[in-house]
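The values are calculated or read from the model by the stated rules, or taken from the named source; none is laboratory data. No experiment lies behind these values; they were computed from the predicted model shown. Positions of Cβ are generated from backbone atoms using ideal geometry, with glycine treated the same way; all protein chains shown enter the neighbour counts.
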Amino acid sequence: MKNAEPRRPPQPSKAAPGRVRAGWREAVLVCKDCERRSGVPKRLSAAALAKMLKQACRTARVGRPRLLLTNCMGVCPKKAYTVAALVPGSEIAVIAFHRKDDADAAVAVLFPRD
């Protein structure tokens, strides 16, 4: 055998975790687990709902929120999708999305104009 030193375990990085710039300020979370429950709006998937909300946000000029499909948020409204909005400087808004036609009304509730 050669004269080799024993391997040292990898050393952790000396740089602490830091913040990165995201490029967006608001986020809208859409529960994709609601899609599997019975009674949700027919022919409306979570991805299609996210696209409708994104278009409604553009129409209402509330900025360009990041839309994220998530697992169960634990709210589980009957016959509806759970949608939550995270906006800096305000509380988390959670709504039950019932019908396809509610995208504009949902954006008005999630992003109220002051």
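Numbers at a glance
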{"item": "Condition met for residue 83 (under 23 Å from residue 93 (Cα atoms) and touching a strand residue (DSSP E or B) at 6+ places or on another chain (Cβ under 8 Å))", "result": "yes"}
{"item": "Conditions (1) out of contact with any Asp or Glu (no Cβ under 7 Å at 6 or more places or on another chain); (2) under 20 Å from residue 109 (Cβ atoms); (3) part of a loop (DSSP other than H, G, I, E, B); (4) at pLDDT below 90: number failed by residue 73", "result": "(4)"}
{"item": "Residue that is farthest from residue 26 (Cα to Cα), among those in the range 60-70 that are surrounded by fewer than 18 Cβ atoms within 10 Å (Cβ to Cβ), modelled with pLDDT under 90 and in contact with a helix residue (DSSP H, G or I) (Cβ under 8 Å, 6 or more places away or on another chain)", "result": "60"}
{"item": "Hits in the range 93-104 - residues which are modelled with pLDDT of 90 or more and either loosely packed, with under 14 Cβ neighbours inside 10 Å or closer than 16 Å to residue 44 by Cβ (or both)", "result": "95, 96"}
{"item": "Any hit, the range 57-68, residues being without any contact (Cβ under 8 Å) to a residue 24 or more places away in the chain and part of a helix (DSSP H, G or I)", "result": "yes"}
{"item": "Subset of the range 75-92 (residues that are surrounded by fewer than 16 Cβ atoms within 10 Å (Cβ to Cβ) and farther than 16 Å from residue 35 by Cβ)", "result": "88, 89, 90, 91, 92"}
{"item": "Pairs, first part of a loop (DSSP other than H, G, I, E, B) in the range 87-114, second acidic (Asp, Glu), C-beta under 7 Å, six or more apart", "result": "87/26"}
